[in-house]
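A.B. asks: Next up is a structure, given as structure tokens.
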Amino acid sequence: MSSVKTAMVLQKNVAALLGATITGIVVMSMVWAVLVTSRTIPNNGSVTAVGVLVYWDSGCTNQTTSINWGTVDPNSTKSYTIYIKNNGTAPERLGMTTTGWTPSGAQSSISLAWNRGNYLLNPSATVSAILTLSVSSSVSVVDFNFNIVITGTEE
């Protein structure tokens, strides 16, 4: 085989290899774009306490009236620690609910949980509680709001 033919075959092979490499890079970039999409979701929620008091600090000096969850991403969680004080004279059974979701369907992909459900809080006692906001990967809202109601029911 002549050196010209060898050079032409080599040139074709290099072109084919280069084309396959570029195609692979483009495909990987497209896959990466699909896997890395994210959306930030701003939020601010009010906190209402019934029968108990809610604070940011264990010394119970900075009362909690709202929680700014900041920006959360799909398929993520965010937690805050709060402190609940029973300033009454009887034990209080703790409960937590959410109300006033905006938009109204937001709670189908965003939820709030805590670690103190049904906890019995004695008079003058304080307990820490962790509120955890969970956002599903299929969230479709871009901005949401809701109210957190923490209740102490006298026992």
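A.B. asks: Of all the residues that make up segment 88-109, how many are touching a residue at least 60 places away in the same chain (Cβ under 8 Å) and either buried (at least 17 other Cβ atoms within 10 Å of the Cβ) or of a type in the set (D, E, K, R) (or both)? Give the steps one after another, and end with the answer.
C.D. replies: To start, the set of residues in segment 88-109 that are touching a residue at least 60 places away in the same chain (Cβ under 8 Å) comprises 88, 90-93.
Next, only the ones that are either buried (at least 17 other Cβ atoms within 10 Å of the Cβ) or of a type in the set (D, E, K, R) (or both) stay: 92-93.
Residues that pass the stated criteria total 2.
A.B. asks: Next question, about the same structure. Have a look at LYS85, LYS78 and point out the one that is at pLDDT 90 or above, charged (D, E, K, R), surrounded by 12 or more Cβ atoms within 10 Å (Cβ to Cβ) and within 12 Å of the chain's Cα centre (by Cα).
C.D. replies: Criteria check complete, one pass: LYS78.
A.B. asks: Looking at segment 125-138, can you tell me whether even one residue there is closer than 12 Å to GLY45 by Cβ, hydroxyl-bearing (Ser, Thr, Tyr), assigned by TED's automatic domain parsing to the domain that holds GLY51 and surrounded by 13 or more Cβ atoms within 10 Å (Cβ to Cβ)?
C.D. replies: Scanning segment 125-138 turns up no residue that is closer than 12 Å to GLY45 by Cβ, hydroxyl-bearing (Ser, Thr, Tyr), assigned by TED's automatic domain parsing to the domain that holds GLY51 and surrounded by 13 or more Cβ atoms within 10 Å (Cβ to Cβ).
A.B. asks: Please enumerate the residues belonging to segment 112-146 that are assigned to a strand (DSSP E or B), touching a residue at least 24 places away in the same chain (Cβ under 8 Å) and within 16 Å of the chain's Cα centre (by Cα).
C.D. replies: LEU112, ILE130, LEU131, THR132, LEU133, SER134, VAL135, PHE144, ASN145, PHE146
A.B. asks: Here is a further query. Across segment 53-99, which residue is farthest from ALA125 (Cα to Cα) among those that are of a type in the set (D, E, K, R) and assigned to a loop (DSSP other than H, G, I, E, B)?
C.D. replies: So the residue we want is ASP73.
A.B. asks: Residue check, LYS78 against (1) touching a Gly at 6+ places or on another chain (Cβ under 8 Å); (2) farther than 24 Å from VAL139 by Cβ; (3) of a type in the set (Lys, Arg), all met but one. Which one?
C.D. replies: So the condition that LYS78 fails would be (2).
The values are calculated or read from the model by the stated rules, or taken from the named source; none is laboratory data. Keep in mind the model is a prediction, meaning the values are calculated, not measured. Glycine gets a Cβ as well: all are built from the backbone with ideal geometry, and neighbour counts include every protein chain shown.
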